[in-house]
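Novice: Let me give you the structure first, and then I'll get to my questions.
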Amino acid sequence: MGSPLLQNCVGSRPDTLFEDFFPDGISGLAVAREARTVAAGTRNGRLCLMTQTGDRIKESLSFQQLSRLVMCDSGELGVAVLGENSLALFDNNLKTLWQSSVTGRITALAISPYGGHLAFATDSARVHVVTNEKKEVATIDTRRPMDYVSFLTEEPHLIAAAEFGQMCRYDLKGREIWTEHIHNNVGDLSISEGGKRLFLAAFNHGVQVYGLDGNQLGSYSIDGIPSRVVCSATRGRVATLTLENRIFLLNFEGSIQWAVDISQDPPEHIAMGPLGDRLFVATASGCLFAAGWP
């Protein structure tokens with residue numbers, strides 16, 4: 001049975017794989033690609049680990065003021081930002097392994113595919129790389145505060161992007177591999193390692209596509225202003241959320257496969273499964289659902 005939120009859609013209509021509700025609202029959403037699990041957190045302290053079919057595995061009420069959330073691909077470890085400047089590393093039982101406060105407001109957060117390292121950026125224009133044992137291995141001074149960070153899978157490198165026009169690649173010792181100046185604002189960053197592509201939600205400039213060497217490959221124009229973007233590890237699918245509360249599913253050539261208007265309950269977070277066959281959407285009311293395609 002399809003979700004009523006998907007009624008206003010065009011293209012390849014998906015199945016609704018599950019629908020769940022978190023009445024206190026969802027403030028963080030993450031997918032562990034290899035473990036095929038989904039984590040959802042709320043500012044009131046609830047953190048829930050679910051299967052990709054919606055079965056709740058574990059729940060904890062110990063993550064007050066959760067504002068950001070990431071999970072490593074293996075699902076063994078995750079990191080949450082609590083409030084503006086506190087980091088909490090937790091395991092797949094949602095047990096907190098350590099918690100630490102940092103100087104400044106955390107603006108971006110990432111964890112490496114197998115959880116060996118995590119990275120966070122602050123509003124003091126620094127990116128910090130630490131191990132899962134809380135040992136700092138690099139401090140990177142950037143030209144401006146970075147708003148998005150993500151680890152690469154096949155190389156021990158990190159991609160960082162600033163909201164106002166800059167994207168960089170670093171190794172885990174903090175050495176700059178390349179930097180690119182971008183002539184538009186950035187609303188989100190997503191990486192397809194298998195597709196060798198970086199996707200930027202670039203607002204009025206659509207979805208910008210870059211290679212892992214920093215060279216621009218093109219852009220996707222859609223009916224709206226993209227503010228969020230996620231992509232699959234394989235099968236060449238990318239989804240974008242617009243400021244007009246529409247979600248578009250495209251292939252890597254930029255052709256729209258599916259689109260939906262969810263203005264009646266605006267989407268706030270989107271995440272994609274590794275094969276591109278599942279899209280997880282969290283809305284303003286606290287609804288979390290998964291749309292699935294063959």
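Novice: Suppose we filter the stretch 36-62 for residues that are among the β-branched types (V, I, T), closer than 25 Å to P294 by Cβ and surrounded by fewer than 18 Cβ atoms within 10 Å (Cβ to Cβ); how many remain?
Specialist: The first filter runs over the stretch 36-62 and keeps only residues among the β-branched types (V, I, T), leaving 37-38, 42, 51, 53, 57.
Subset that is closer than 25 Å to P294 by Cβ: 37-38, 51, 53.
With the extra rule that they be surrounded by fewer than 18 Cβ atoms within 10 Å (Cβ to Cβ), the set shrinks to 51, 53.
Qualifying residue count, the stretch 36-62: 2.
Novice: Can you confirm whether A161 is outside any strand (DSSP E or B) and either of a type in the set (A, V, I, L, M) or crowded, with 20+ Cβ neighbours inside 10 Å (or both)?
Specialist: Against the criterion (outside any strand (DSSP E or B) and either of a type in the set (A, V, I, L, M) or crowded, with 20+ Cβ neighbours inside 10 Å (or both)), A161 does not qualify.
Novice: Further question on the same structure: Determine if the stretch 274-288 includes at least one residue that is surrounded by fewer than 17 Cβ atoms within 10 Å (Cβ to Cβ), touching a residue at least 40 places away in the same chain (Cβ under 8 Å) and over 16 Å from the mean Cα position of the chain (by Cα).
Specialist: Taking every residue of the stretch 274-288 in turn, at least one turns out to be surrounded by fewer than 17 Cβ atoms within 10 Å (Cβ to Cβ), touching a residue at least 40 places away in the same chain (Cβ under 8 Å) and over 16 Å from the mean Cα position of the chain (by Cα).
Novice: Only one residue in L5, L61, L49 is under 14 Å from V281 (Cβ atoms) and out of contact with any Phe, Trp or Tyr (no Cβ under 6 Å at 6 or more places or on another chain). Which one?
Specialist: Going through L5, L61, L49 in turn, just one is under 14 Å from V281 (Cβ atoms) and out of contact with any Phe, Trp or Tyr (no Cβ under 6 Å at 6 or more places or on another chain): L5.
Novice: Looking at E180, E136, which is the one that is more than 17 Å from the chain's Cα centre (by Cα), at pLDDT below 95 and either loosely packed, with under 15 Cβ neighbours inside 10 Å or not polar (S, T, N, Q) (or both)? Let's see the steps before the verdict.
Specialist: Details: E136 fails: at pLDDT below 95.
Residue meeting the stated conditions: E180.
Novice: So, one more: Spot the failing condition for V186; the list is (1) more than 19 Å from the chain's Cα centre (by Cα); (2) within 25 Å of E244 (Cβ to Cβ), and only one is missed.
Specialist: Failed condition: (1).
Novice: Grab the strands (runs of 3 or more DSSP E) fully contained in the stretch 40-148, keeping just those with 3 or more residues being without any contact (Cβ under 8 Å) to a residue 40 or more places away in the chain and among the polar types (S, T, N, Q). If you could, list the steps in order and put the result at the bottom.
Specialist: Working: elements: 44-51, 56-64, 66-71, 77-82, 86-91, 96-101, 106-111, 117-122, 126-131, 136-141.
Where strands (runs of 3 or more DSSP E) fall fully within the stretch 40-148 and carry at least 3 residues being without any contact (Cβ under 8 Å) to a residue 40 or more places away in the chain and among the polar types (S, T, N, Q), they are 56-64, 96-101.
Novice: Within the stretch 12-39, work out how many residues are among the aromatic types (F, W, Y) and either in a loop (DSSP other than H, G, I, E, B) or under 16 Å from S67 (Cα atoms) (or both).
Specialist: The total comes to 1.
Novice: Here is a list of conditions, (1) in contact (Cβ under 8 Å) with a residue 24 or more places away in the chain; (2) over 24 Å from L49 (Cα atoms); (3) of a type outside the set (K, R); (4) part of a strand (DSSP E or B), and A291 meets all of them except one; can you say which number that is?
Specialist: With (1) in contact (Cβ under 8 Å) with a residue 24 or more places away in the chain; (2) over 24 Å from L49 (Cα atoms); (3) of a type outside the set (K, R); (4) part of a strand (DSSP E or B) applied to A291, the lone miss is (2).
Novice: So is R33 modelled with pLDDT under 95, within 14 Å of the chain's Cα centre (by Cα) and crowded, with 17+ Cβ neighbours inside 10 Å or not?
Specialist: When the stated conditions are applied, R33 passes them.
Novice: Turning to a different aspect of this structure: If you check A291, A202, which single one turns out to be crowded, with 22+ Cβ neighbours inside 10 Å and out of contact with any Ser or Thr (no Cβ under 7 Å at 6 or more places or on another chain)?
Specialist: Just a single option satisfies the conditions, and that option is A202.
Novice: Does E193 satisfy the condition of being surrounded by fewer than 20 Cβ atoms within 10 Å (Cβ to Cβ), charged (D, E, K, R) and within 25 Å of G28 (Cα to Cα)?
Specialist: Taking the combined requirement at face value, the residue satisfies it.
Novice: Something else about it: Between L109, L82, which is out of contact with any Pro (no Cβ under 9 Å at 6 or more places or on another chain), under 18 Å from L189 (Cα atoms), buried (at least 21 other Cβ atoms within 10 Å of the Cβ) and not β-branched (V, I, T)? Talk me through it step by step, then tell me what you get.
Specialist: Working: L82 fails: under 18 Å from L189 (Cα atoms).
Of L109, L82, the one residue that is out of contact with any Pro (no Cβ under 9 Å at 6 or more places or on another chain), under 18 Å from L189 (Cα atoms), buried (at least 21 other Cβ atoms within 10 Å of the Cβ) and not β-branched (V, I, T) is L109.
The values are calculated or read from the model by the stated rules, or taken from the named source; none is laboratory data. For clarity, every value in this text was computed on a predicted model and none was experimentally measured. Using ideal geometry, Cβ is built from the backbone for each residue, glycine included, and neighbour counts are taken over all protein chains shown.
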